[in-house]
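Peer 1: This structure is in structure tokens; I'll ask about it shortly.
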Amino acid sequence: MTILKAEGISAGYTELDILQNVSMKVKSNQIVSIIGPNGAGKSTLLKSIFGILNPRKGRIVLKDEDITGLKPNKVARKGISYVPQVSNVFPSLTIQENLEMGAFIRTDDFGGRMDEIYNLFPTLREKRKQKAGQLSGGQRQMVAMGRALMLDPIVLLLDEPSAGLAPLLVSTIFEKILDINKTGVSIAIVEQNAKEALKMADHGYVLAMGRNVLDDEGESLLDNEEVAKLYLGG
Amino acid sequence: MAELFVYGIVLGCIISLGAIGITLVYGIVRMANFAHGEFMTAGAYIALLIVSVILPWLGVPDTTFGPLSFGWRMLIAFPVSMAAVAFIGIFFDRLLYKKLRLKNSNAVILAMSSLGVSFMIRMIILIITGPDYRFYRPGIMRPALQLPFGIKIRPDQIFIVALVVVLVVLLHLFLQRTKMGKAMRATADNTELALISGIDTEGIVMWTWGIGGGLAAAAGMLYGIDVQIHPGMGWNFLIPLFAAAILGGIGNMYGALVGGLVIGIAEQLSTAVLTPTYKLAVAFIIMILILFIKPEGIFGGSDK
């Protein structure tokens, strides 16, 4: 079943459209990876889905509901969470407080959910009283994902979770993403690290110059000669 | 000297209350509020209206508490005036700053418009009340208490320090323990991420103006109890307030608290060698020195 659908999105920060008629969809329990060169519009696509950017054309559908043009705080209430690439934690707040802020719009008791997230990231439980600004890059990324998961989202949007991390940490973070997916969260992930991202993906999209270039199953894209030559470093 | 130091703490407490508001507004609304001094003046005059017109009319007796120079009237005026100035802060945000923010106006435009608000409030008060110095309770000087080291202090001044301590502790608990307080700190840290988390950041901005306005009103009333009130009092506080906020690292509430005390003590100690008229210059010099030596303040901004 299709959970999230972006249809014919055109969007940009100025009058210039960065995305031109881009479409993608995420089915339930899938990991969908979006790859492509710098400036292809990958992050712009996530921002358009989450309502940080208002698409000029096209529509965003979550399950059966049209959510095009909703503000981020409304989109969050509908069941999408978003982890930006940079500045994705509250540095002067503790880990615990970061997670609490993730649950800001929840009115029920979220203690159980927080426990699940601590089980997913045991290091965070140990350091829960520490300020997020004092953590290493990998731990910060975990706090950022933990914050986004507090709302029990249907879909998690991740913008380059491996950016700036040491290679060893990159695989840890990707393992965590697979773990999150196993708990029943559909994931759309934008990555520079194309090979890794396609390996774990059920489906992949290749964007270039703000347009859809290719889309196929993750494995097939990995085997695709053109993709290999252009984006996977030969 | 010891006595001047104690008076410095009293003045410093008043400056701290104002500086905390400046620093909160700067950290969350991201604007330098040049009308903050006028919030103090407004608070002081609203209290004057309450204690000298409204409450006598309602028949509230003009008795005083033990050795203090004020009684029920002032105690009633306190929360009412704080709420009124909180409302004034929110009102001007809605009327002006919010619209400018939505147009992505830069920091200078926001600061200049607050300067305009400052003139408006000051002139309105001046037109209504005239330029005279006023007292909440004219003519009665309470006997001072004799403390060791030859320090003479009025019971009112002890009340001022105690009330500031209570307000600061309440604010601390609000920011550290409540959901709304944590969301305020989160918004100060990263507004974009706060929005992404579903926090209504415009609502947080309202809270910030309310708290900043309320604290400024309290500072104005306390200064009125300690010294006197006049339409230019808040304007004269503007430099000490900013000096304190910058000294403590702008955006950092605890820094503003310490910064206020430092500025207050420095101003009072300076009167041992300089004419009191130069008090303001002392605050100004401290501010310039800090900007030269450690522009991020002693406690380095909102700890990022």
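Peer 1: For B:ILE298, list long-range residues whose amide hydrogen, built 1.01 Å from N in the peptide plane, is under 5 Å from its own amide hydrogen.
Peer 2: The list, which skips near neighbours in sequence, is B:GLY248, B:GLY249.
Peer 1: How big is the gap, in Å, between the Cα center of region B:123-175 and the Cα center of region A:179-223?
Peer 2: When both Cα centres are located, 65 Å separates them.
Peer 1: Would you pull out the residues with amide H under 5 Å of A:SER23's amide H, same chain only if 5 or more places away, H placed 1.01 Å from N?
Peer 2: For A:SER23, the qualifying residues are A:GLY8, A:ILE9, A:ASN212.
Peer 1: Residues with amide H under 5 Å of A:ALA208's amide H, sequence separation 5 or more or different chain, H placed in the peptide plane at 1.01 Å from N; which?
Peer 2: Placed amide hydrogens put A:VAL213 under 5 Å from A:ALA208.
Peer 1: Measure nothing fancy, just the Cα-based angle from helix B:279-293's long axis to the longest principal axis of chain B, in degrees from 0 to 90, nearest 10.
Peer 2: Roughly 30 degrees, rounded to the nearest 10.
Peer 1: Compute accessible area for region A:98-134 by itself and then with all protein chains, 1.4 Å probe, and report residues whose area falls by 40 Å² or more.
Peer 2: A:MET101, A:PHE104
Peer 1: If you don't mind, there's one more thing I want to ask. Ordered by residue, what ³J(HN,Hα) values in Hz, to whole numbers, does region A:199-210 give under the Karplus form 6.51 cos²θ - 1.76 cosθ + 1.60, where θ = phi - 60° and Gly and Pro are x?
Peer 2: After applying 6.51 cos²θ - 1.76 cosθ + 1.60, I find 4, 8, 7, 7, 9, x, 10, 10, 10, 8, 6, x Hz.
Peer 1: Ok, one more. In whole percent, what relative contact order does region B:2-293 give with Cα contacts below 8 Å and a gap of six or more residues?
Peer 2: This gives 40 percent for region B:2-293.
Peer 1: Now for a different question. How much accessible area per residue does region B:2-293 have, in Å², with a 1.4 Å probe?
Peer 2: Using a 1.4 Å probe on heavy atoms only, each residue of region B:2-293 averages 42 Å².
Peer 1: Would you kindly derive the ³J(HN,Hα) couplings of region A:103-115 from the backbone phi angles with the Karplus curve 6.51 cos²θ - 1.76 cosθ + 1.60 (θ = phi - 60°), listing them in order in whole Hz, with x for Gly and Pro?
Peer 2: Taking θ as phi minus 60°, the curve returns 9, 3, 8, 7, 9, 8, 7, 9, x, x, 5, 4, 4 Hz for region A:103-115.
Peer 1: Can you give the charge dipole size of chain A about its Cα centre, rounded to the nearest 20 debye, using +1 on the beta carbon of Lys and Arg and -1 on the beta carbon of Asp and Glu?
Peer 2: Using Cβ point charges on Lys, Arg, Asp and Glu, chain A gives about 720 debye.
Peer 1: Can you report the principal axis dimensions of chain A using only the alpha carbons, biggest first, rounded to whole angstrom?
Peer 2: Here the spans come out as 47, 38, 34 Å, largest first.
Peer 1: If you don't mind, there's one more thing I want to ask. Once label points are set 7 Å from the Cα along Cα→Cβ at both A:THR2 and B:LEU68, what is their separation, rounded to one decimal in nm?
Peer 2: 6.9 nm
Peer 1: Output the 0 to 90 degree angle, nearest 10, between the alpha-carbon long axis of helix B:233-247 and the longest principal axis computed from the alpha carbons of chain B.
Peer 2: Once rounded, the angle reads 50 degrees.
Peer 1: Accessible surface of A:ASP216 in the full protein assembly, 1.4 angstrom probe, to the nearest 10 Å²?
Peer 2: 70 Å²
Peer 1: Using r as the Cβ-Cβ distance of A:GLU65 and A:ILE105, and R0 as 25 Å, what FRET efficiency do you calculate, to the nearest 0.05?
Peer 2: E(calc), rounded to 0.05, equals 0.90.
Peer 1: Reachable lysines from B:LYS99, Cα under 19 Å, same-chain residues fewer than 8 places away excluded?
Peer 2: By straight Cα distance, B:LYS99 reaches A:LYS71.
Peer 1: Roll a 1.4 angstrom probe over the protein heavy atoms and tell me the percent of accessible area of chain A that is carbon or sulfur.
Peer 2: Its accessible area is 47 percent carbon and sulfur atoms.
Peer 1: Taking R0 as 51 Å, what's the FRET efficiency between B:ALA162 and A:GLU175 from their Cβ-Cβ distance, rounded to 0.05?
Peer 2: It comes out at approximately 0.35.
Peer 1: Same structure again: For Cα pairs less than 8 Å apart in space and 6+ apart in sequence, what is the mean separation divided by the residue count of region A:162-234, i.e. the relative contact order in percent?
Peer 2: Once divided by the residue count of region A:162-234, the mean separation gives 21 percent.
Peer 1: If you rank B:LYS294, B:LYS103, B:LYS98 by how much accessible surface each has, with a 1.4 Å probe, what is the order from largest down?
Peer 2: B:LYS103, B:LYS294, B:LYS98
Peer 1: What total accessible area, in Å², is buried where chains B and A meet, using a 1.4 Å probe and rounding to the nearest 100?
Peer 2: 1900 Å²
Peer 1: Step through the residues of region B:208-213 one at a time and calculate ³J(HN,Hα) from phi using the Karplus curve (6.51 cos²θ - 1.76 cosθ + 1.60, θ = phi - 60°), rounding each to whole Hz and writing x for Gly and Pro.
Peer 2: Once rounded to whole Hz, the list reads 5, 4, x, 5, x, x.
Peer 1: Another question, then. Suppose every K and R has +1 on its Cβ and every D and E has -1 on its Cβ; what is the size of the dipole of the protein assembly as shown about the Cα centre, in Debye to the nearest 20?
Peer 2: In total the dipole reaches around 1120 debye.
Peer 1: Sticking with this one: Which whole-number percent is the relative contact order of region B:95-207 (Cα, under 8 Å, 6+ apart)?
Peer 2: 9 percent
Peer 1: Working with all protein chains in place, sort B:PHE70, B:PHE284, B:PHE292 by solvent-accessible area computed with a 1.4 Å probe, largest first.
Peer 2: Ranked from most to least accessible, the order is B:PHE292, B:PHE284, B:PHE70.
Peer 1: Can you put A:THR44, A:THR14, B:THR64 in order of accessible area, largest first, using a 1.4 Å probe?
Peer 2: The residues order as A:THR14, B:THR64, A:THR44, largest area first.
Peer 1: Sticking with this one: How long are the semi-axes of the equivalent ellipsoid of region B:2-293, taking √(5λ) for every eigenvalue λ of the Cα gyration tensor, in whole Å from largest down?
Peer 2: Semi-axis lengths for region B:2-293 are 30, 23, 19 Å.
The values are calculated or read from the model by the stated rules, or taken from the named source; none is laboratory data. All values reported here derive from a predicted model rather than from experimental measurement. Every residue, glycine among them, receives a Cβ derived from its backbone with ideal geometry; neighbour counts consider all protein chains shown. Side chains are part of the model used for accessible areas, which takes the heavy atoms of the whole protein and leaves out ligands, DNA and RNA. Shrake-Rupley method; radii C 1.70, N 1.55, O 1.52, S 1.80 Å.
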